[in-house]
Structures are given as structure tokens and as C-alpha cells.
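J.: My structure is below; once you've seen it, I'll send some questions.
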Protein chains: 2
Amino acid sequence: MKAHIVLAHPEKQSFNGRLTGVSEATLGTNGFEVTVSDLYRMNFDPCEAEKHYTVRSDDAVFHAQTEQRFNANNGSIPADVSQESDKLLNADVLVIHFPLWWFGAPAILKGWMDRVFIYGKVYKSQMRYDAGICRGKKMIACITTGASADSCSFDGREGDTRLVVWPLLFPFRYIGFDVLEPMILHGIGGVASIEAHEDGLSDLDRYEESWRDVLSGLDTRIVIPFNADSDFGEDKRLKPNAPSYSPFVSHQKTTLW
Amino acid sequence: MKAHIVLAHPEKQSFNGRLTGVSEATLGTNGFEVTVSDLYRMNFDPCEAEKHYTVRSDDAVFHAQTEQRFNANNGSIPADVSQESDKLLNADVLVIHFPLWWFGAPAILKGWMDRVFIYGKVYKSQMRYDAGICRGKKMIACITTGASADSCSFDGREGDTRLVVWPLLFPFRYIGFDVLEPMILHGIGGVASIEAHEDGLSDLDRYEESWRDVLSGLDTRIVIPFNADSDFGEDKRLKPNAPSYSPFVSHQKTTLW
């Protein structure tokens, strides 16, 4: 079994860096062959742009999906993207480490998705959702926040982090993964103590232990339920009797404004 | 009155590029002094990282917020970020143009937020939400999707785009903006026609007209309601009688898994 880890943090000595080390060691101990993409240390370019394509379907106008598909078919996917997409597709388990910045992924991780989830190789219209190329594989995100657990809770001032990260997790469902309940660790760099409590462990140490437990229990970790392809009609809208698992795909329009 | 426009699309000739031209012309005609940040043409670097800081609070360990605040206080904010944050703060109206990629902003735009919403200048703990530096200013996003309106609707297979973009809009509330209802234009590059209908207008032409109308009616455009600071207790959780405007900040935990 292979595990691939992606880290999106500028500082290797950060708590995200430390957790990535835990992932590498724990998954290795648990029998996985482990690879790591440390996006900052790789100097990964997150901007999908024409400069990456030496061969073009259309030299006059750059359309990302058109060039992705053309180059996938042509065997000329940009080298960095080719390597990253191979690691993604070879993994049985994918682990993503990142801090929540402005209610989203750091740009370097968002751009890893923009570029590496390449049209024609990682997905196409007949290869997504239930028919996604990563079906049968698991992914889990380990996310840190600076704000406290209270302020990130369902009634917290920062918005419910579980809902905030839904749009970040959904792309992994789109390409076929079983998306596991994410690990969300709050108060990093702030309210979470780096001083030991009476038992000799700091909050960060406790977080690390919990994360190790999660990694060793991936087989029983909750899989986020998403609708099956068959729940949607021809128009790609929920059939009347289909289940709804969240406000994001619902029978009722959610009030926002 | 000043308007600032941010474009995040790799192709100037794209529909997003065209809409940006409409924004520039329409706001200019309507009496605004207009500036544009075309992030791709500026070659904006979206990755917050130590390389941007020549002066450091801590040379050994890079912590983004620490260095942002230190450099803001020290008058040594990186030049590109300094310019962008000035444009942001000088604007009475901010318009953001981008295509929805993988249920989020293109990395170059996400990174514009990661870097330009600089701690110590654009926000700090006593300068956010109701006390945000951009209070009294308006922002509106003009977002294109490739998928159809049906599949992006509240019961659509792609998830309700209105909810999907909430985490992208919330940072603007965080720094104090009145966030207007976004313009979301579906099916670009796909189901939206580029051929003229009987009235001589294609779907894209119609979208352009609607957008022009929106720009000329900013004063009456719906402002997305968010909770006031006074709706939260000391613990930053909603007070029992406070209103809830969305599932993101709610009295009840939303089921997701």
C-alpha cells in the first residue's frame, strides 16, 4: 500500500511540518510505502498559465482545460504536474497538511489542485464522481487554524470550519476519493499551549497523539457521505427522493441573503 | 470615488478579461477613478513565504503573521504587497473577477489575499469585522463557472455555488467590507452560447449586459448580512438571541457527516 503526503506550509519547523513528520513515520510504521510532496521546498508553481505549455492546442488564446486535455492526450503534460499527478494516482491513501489561511487553503495548495488535477488525465466528463479515477482510495486532510475551537465552531464568529472546508474537500470527491472526516486542530500559534500540562504534554503534544491515532485508524474513520451519481437527473439536479447530506446539495435553497 | 478591479485569469482574451473591460469602462463612465490589478499580467507571486521579507522579526523560524506585523510596523512591507494593499485600502468599491476553479478562487487570487491582507496594516485583532479597516466600502465578486446553472444550483451536482463561494467572500467581511451579492455567471466555455440568439445577442452578450446593469446599480445591490460583533459573547460564539444568517454561523450544528 502506498501513501502520499502533501504539505503546504512555508516553514518546515512549523506545527504543520511536525505533523507531516508524524504522518511519514506513522504510515511507514503501519506498512505504507510513503512519498511526500513538500510544496514550498519543491518551489511548486501554483499558477496555471500558458508558460507551462510548450506545445499548444491553440496558440492564440489560452484556455486551461483545452491545453490540459490536449497535452494529456499528446503525452506532453508539464513535468512538475506529470510527477505530482503520478504520485496522486499511485497512492492508496492521500494525506494533505495545511494551515487554514483566510478560510481556505494556502495558494500553493490551491494551485496544486488547479494544475495537478489535470483534465484528460485526472478527470474527464466520463471519469469523475462515482466514476472518478481515485475511486476506492482514501484521502484525509489535517488542517490547523489560528483561531480557537470556540470561534470556529458551528456558532462561532469565524464560521463553522467544517462547512468552510467543504469546498476544499469536494474536489477530492470529484476525482473519486473516499474523503475521510478531516482532522481540524485549532488555536495553533495562539491559544493552544506549547507549555506542558501536568501530564507532561502540551496541547500540541496532545494534538500530535490524536493525529497519530487517526492515522492508525484510517480504516474506521468516517467517510463523508456525498450523493451518488444516480441521485441526480439528466439536468444534474437531485431527484425528488434522493438523500441530501449537507446544505451544499439540498432539496431546499439555503438562505444566505 | 475610487474603484479598484482585480482580475485573476491567465488569458486576457477570456470572458473574465472581457468583463473586466466592461467594469473598467462602466465604472469610469459612472464617475469612478478606476485602477486595475491584472494579477497574471503583473506576474503576482501568490505564495506567502520568507523570501519576500528582507527584514525579519525572527530569522530562525518563519511565521507569516509575525513577519507581516513586524514589517508593517517597521515600514518594510514587500513592495508588491505594499502597492496592492494601498490600492485595496484607497478604493471605495472593490470588484473581483475570477473563474471558479475546483470550487475556489484560482491560486493567484487566493494568494493575493494571503499576502495582501497583511496583518498589522489591513487587519489586527482590534481592526476586523465591524471595526474592519474597509468599513463603509463595498466589494462585489463577478464569478464565472464552467458548469451549468442547473448543476450549480442549490440541488445541483456541483454544490450550490452561493454556498461554495461563502468562504471566499467572508474574508472581505473580515476586513470590514460591505459584501454585495456576487454576480455568478454559469456555463462559460460550455453551455453558454457564443452564437447570437434571434435578438442578435449571445448568452455571453446577455451576461455582459446584466453585469453592466449590476455595476450601475451597486447602491441598491443586496448587501450580504453577517453577524455584528455584538452578536457574539466573550467566547466568540453566538449569543442565544442573536440572528443567524446562514449555516456557516448557526445556532444548530449542521449535519455533514
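J.: Restricting to region A:59-93, give me the number of residues that are touching a His at 6+ places or on another chain (Cβ under 6 Å) and surrounded by fewer than 23 Cβ atoms within 10 Å (Cβ to Cβ).
T.: 2
J.: Of everything in region A:215-257, what is away from chain B (no Cβ under 14 Å) and not charged (D, E, K, R)? Give them in sequence order. Even if it seems obvious, please write down each step before you answer.
T.: At the first step, the residues of region A:215-257 found to be away from chain B (no Cβ under 14 Å) are A:215-219.
A:215, A:216, A:217, A:218 - these are the residues of region A:215-257 that are away from chain B (no Cβ under 14 Å) and not charged (D, E, K, R).
J.: Could you tell me whether any residue of region B:161-168 is within 20 Å of the chain's Cα centre (by Cα), among the aromatic types (Phe, Trp, Tyr) and either under 26 Å from residue A:148 (Cα atoms) or more than 7 Å from chain A (Cβ to nearest Cβ) (or both)? Before you say what the answer is, go through the steps one by one.
T.: At the first step, the residues of region B:161-168 found to be within 20 Å of the chain's Cα centre (by Cα) are B:161-168.
Then drop every residue that is not among the aromatic types (Phe, Trp, Tyr), which leaves B:166.
Keeping just the survivors that are either under 26 Å from residue A:148 (Cα atoms) or more than 7 Å from chain A (Cβ to nearest Cβ) (or both) gives B:166.
Checked against the condition, which is being within 20 Å of the chain's Cα centre (by Cα), among the aromatic types (Phe, Trp, Tyr) and either under 26 Å from residue A:148 (Cα atoms) or more than 7 Å from chain A (Cβ to nearest Cβ) (or both), region B:161-168 yields at least one hit.
J.: Restricting the search to region B:216-242, which residues are assigned to a loop (DSSP other than H, G, I, E, B) and without any contact (Cβ under 8 Å) to a residue 40 or more places away in the chain? Show your work before the answer.
T.: So the first thing to find is which residues in region B:216-242 are assigned to a loop (DSSP other than H, G, I, E, B), and the list is B:217, B:221-222, B:224-228, B:233-236, B:239-242.
Correct list: B:217, B:225, B:227, B:233, B:234, B:235, B:236, B:239, B:240, B:241, B:242.
J.: Determine which member of the set B:130, B:114 is facing chain A (nearest Cβ under 10 Å), farther than 24 Å from residue B:208 by Cα and touching a helix residue (DSSP H, G or I) at 6+ places or on another chain (Cβ under 6 Å). I'd like the intermediate steps shown before the answer.
T.: Numbers: B:130 fails: facing chain A (nearest Cβ under 10 Å).
None of the other options fit; the residue is B:114.
J.: Does at least one position in region A:175-189 carry a residue that is open to solvent by less than 20 Å² (accessible area, probe 1.4 Å), at the interface with another protein chain (Cβ under 8 Å from one of its Cβ atoms) and either out of contact with any His (no Cβ under 7 Å at 6 or more places or on another chain) or closer than 23 Å to residue B:101 by Cα (or both)?
T.: no
J.: Right, here's the next one. Here is a check on your reading of the model: is residue B:25 surrounded by fewer than 21 Cβ atoms within 10 Å (Cβ to Cβ), under 21 Å from residue A:189 (Cβ atoms) and not hydroxyl-bearing (Ser, Thr, Tyr)?
T.: no
J.: Hey, among the residues in region B:61-76 that are part of a helix (DSSP H, G or I) and of a type in the set (S, T, N, Q), which one's farthest from residue A:188 (Cα to Cα)? Break it down into steps so the answer makes sense when it comes.
T.: As a first pass, look at region B:61-76 and keep what is part of a helix (DSSP H, G or I): B:64-74.
With the extra rule that they be of a type in the set (S, T, N, Q), the set shrinks to B:65-66, B:68, B:71, B:73-74.
Details: B:65: 12, B:66: 13, B:68: 17, B:71: 22, B:73: 23, B:74: 25 Å.
The qualifying residue farthest from residue A:188 (Cα to Cα) is B:74.
J.: Checking residue A:64 against (1) touching a helix residue (DSSP H, G or I) at 6+ places or on another chain (Cβ under 7 Å); (2) under 21 Å from residue A:133 (Cβ atoms); (3) at the interface with chain B (Cβ under 10 Å from one of its Cβ atoms), which single condition isn't satisfied?
T.: (1)
J.: With respect to residue A:109, determine if the residue is more than 30 Å from residue A:191 (Cβ to Cβ), open to solvent by less than 30 Å² (accessible area, probe 1.4 Å) and either of a type in the set (A, V, I, L, M) or not assigned by TED's automatic domain parsing to the domain that holds residue A:30 (or both).
T.: Details: more than 30 Å from residue A:191 (Cβ to Cβ): no; open to solvent by less than 30 Å² (accessible area, probe 1.4 Å): yes; either of a type in the set (A, V, I, L, M) or not assigned by TED's automatic domain parsing to the domain that holds residue A:30 (or both): yes.
It is false that residue A:109 is more than 30 Å from residue A:191 (Cβ to Cβ), open to solvent by less than 30 Å² (accessible area, probe 1.4 Å) and either of a type in the set (A, V, I, L, M) or not assigned by TED's automatic domain parsing to the domain that holds residue A:30 (or both).
J.: Contact list please: Cβ distance under 8 Å, first residue in region B:187-204 and in contact (Cβ under 8 Å) with a residue 24 or more places away in the chain, second residue open to solvent by less than 70 Å² (accessible area, probe 1.4 Å) and of a type in the set (Asp, Glu), pairs at least six apart or on different chains.
T.: The qualifying pairs are B:187/B:203.
J.: Given the conditions (1) facing another protein chain (nearest Cβ under 10 Å); (2) open to solvent by 10 Å² or more (accessible area, probe 1.4 Å); (3) on the phi < 0 side of the Ramachandran plot, report the number of the one that residue B:102 does not fulfil.
T.: (3)
J.: For region A:125-139, does any single residue satisfy the condition of being at positive phi, surrounded by fewer than 21 Cβ atoms within 10 Å (Cβ to Cβ) and either modelled with pLDDT of 95 or more or touching a Leu at 6+ places or on another chain (Cβ under 6 Å) (or both)? First the steps, then the outcome.
T.: Going residue by residue through region A:125-139, those that are at positive phi are A:129, A:136.
Right, trim to surrounded by fewer than 21 Cβ atoms within 10 Å (Cβ to Cβ) and you get A:129, A:136.
From the residues that got through so far, the ones that are either modelled with pLDDT of 95 or more or touching a Leu at 6+ places or on another chain (Cβ under 6 Å) (or both) too are A:129, A:136.
The answer is yes, given that some residue of region A:125-139 is at positive phi, surrounded by fewer than 21 Cβ atoms within 10 Å (Cβ to Cβ) and either modelled with pLDDT of 95 or more or touching a Leu at 6+ places or on another chain (Cβ under 6 Å) (or both).
J.: I'm checking my understanding of the structure. Among residues of region A:169-212 that are among the hydroxyl-bearing types (Ser, Thr, Tyr) and in contact with a helix residue (DSSP H, G or I) (Cβ under 7 Å, 6 or more places away or on another chain), which one is nearest to residue A:149 (Cα to Cα)?
T.: Checking each candidate, the answer is A:193.
J.: Follow-up question, since we're still on this one. Mind listing whichever residues of region B:28-40 are of a type in the set (Gly, Ala, Ser) and surrounded by fewer than 19 Cβ atoms within 10 Å (Cβ to Cβ)? Working first, answer last.
T.: Applying the first criterion (of a type in the set (Gly, Ala, Ser)) to region B:28-40 yields B:28, B:31, B:37.
Within region B:28-40, B:28, B:31 meet the criteria.
J.: To continue, here is another question. Can you pull out the residues in region B:154-186 that are among the aromatic types (Phe, Trp, Tyr) and in contact (Cβ under 8 Å) with a residue 60 or more places away in the chain? Write out each step before concluding.
T.: Within region B:154-186, the first condition is being among the aromatic types (Phe, Trp, Tyr), and the residues that meet it are B:154, B:166, B:170, B:172, B:174, B:177.
Hits for region B:154-186 are B:166, B:170, B:172, B:177.
J.: Next question, about the same structure. How many residues, within region A:100-120, are of a type in the set (A, V, I, L, M) and outside any helix (DSSP H, G or I)?
T.: 3
J.: Among the residues of region A:140-163, how many are in a loop (DSSP other than H, G, I, E, B), buried (at least 22 other Cβ atoms within 10 Å of the Cβ) and in contact with a Cys (Cβ under 9 Å, 6 or more places away or on another chain)?
T.: Result for region A:140-163: 3.
The values are calculated or read from the model by the stated rules, or taken from the named source; none is laboratory data. The structure displayed is predicted, hence computed values, not measured ones. Backbone-built Cβ (ideal geometry, glycine too); neighbour counts: all protein chains shown. For the accessible areas, the whole protein counts, side chains as well, though only heavy atoms, and no ligand, DNA or RNA atoms are used. Shrake-Rupley method; radii C 1.70, N 1.55, O 1.52, S 1.80 Å.
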